[in-house]
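Participant: Structure below; questions to follow.
Every read-out reported here was derived from the displayed coordinates using simple, explicitly stated rules and does not represent laboratory data. Here the structure is a predicted model, which is why all the values come from computation and not from measurement. Positions of Cβ are backbone-derived with ideal geometry, glycine not excepted, and every protein chain shown enters the neighbour counts.
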Amino acid sequence: MSEWLVLTIAMAAVCAVVLTITVLRQRRIGEDDDPSETPDVIEYMVMMVGVVYAIVLGLAIAGVWEARGAAEDSVRAEAQALHEVSERVRVYPEGARERIRADVDAYVSYVVHKEWPVMAEQGQITDRGGELMDKVRASVTDYRPRDDYESQSYQPLLDQVAAADSARNTRADSIEPTLPPVVWFGLITGAAITIGLIFTLQIRRSGRELLLAALFSALIAFLLFLVWDFDAPFSRGISASAEPFTDLFPRL
């Protein structure tokens, strides 16, 4: 089932629950009930709870968005470092140059076509990808420069391989969700409390009040969905893509 379909169903369900509870509650209220009798302190408490929850929810969105940005940066850094390796070996003899480029191409092709689906489905990188990265490192490290010109390119190539390996490890660390379960417990509980406080204001069955209550509930459900979706940068709907690899290695 599509995640956007799940979101639509969840928002519709939240709205339906809020509207149903509102209508049923209104039927239990006597005709002599006066909404203006709601104490001012309750309105103040409802406002403060809403503000506090909005701050917490905003911080959660900012946190998962930052984590997603870091994951995308690691992908770009990995692809750029491998691209630099592939380009800088042009100073090497043809045999060594083609061997290193072939190893880089094999690694990139595997990451794009094999490892990326595994990250999305299983939430982890593969051992085979690590083996191909080690092969790239070995190809660069084992070459012995023949002159000063090649020696000047040798160390920068090692640095780029190290940068690619470090970016790969960062990508692996970014697969897991960012928010711990206790934070999710607080977000969901806070949402339930915030929506529940709507009923303390004694909203009526007028179309305007019911519409506002439904839209408010749907908005909270949508924001929680965004937090959940961004929390796993590589495995959910709005996920980081392998585009940096395909842009720098279009032949693959």
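Participant: Just to be sure I understand: if I project the alpha-carbon convex hull of the range 120-251 onto a plane and average over all orientations, what area do I get in nm²? The partial results should precede the final answer.
Facilitator: Numbers: hull surface 53.0 nm².
Spelled out: convex hull of the Cα atoms, projected over all directions, averaged, 13.3 nm².
Participant: Taking K and R as +1 and D and E as -1, what net charge do the other residues with C-beta under 10 Å from the C-beta of Ala81 add up to?
Facilitator: After counting each charged neighbour, the total is -2.
Participant: Starting with the highest mean, order 80-87, 158-165 by the number of other Cβ atoms within 10 Å, averaged over the residues of each peptide. Spell out each step's value before the answer.
Facilitator: Details: 80-87: 20.2, 158-165: 17.6.
The densest-packed peptide leads the list: 80-87, 158-165.
Participant: Could I ask something else about it? Where the centre of each part is set by its Cα atoms, how far does the range 212-252 sit from the range 55-87, in angstrom?
Facilitator: 13
Participant: Follow-up. Sort 99-107, 210-218 by packing, meaning the average of other beta carbons within 10 Å per residue, with the highest value first. Intermediate values should be presented prior to the final figure.
Facilitator: On the way: 99-107: 19.8, 210-218: 17.0.
Top to bottom by mean Cβ count within 10 Å: 99-107, 210-218.
Participant: In the range 35-119, how does Rg compare with the Kirkwood Rh, expressed as the Rg/Rh ratio over alpha carbon atoms? Don't skip to the answer; put the middle values down first.
Facilitator: Numbers: Rg = 26.4 Å, Rh = 17.7 Å.
Radius of gyration over Kirkwood radius for the range 35-119 works out to 1.50.
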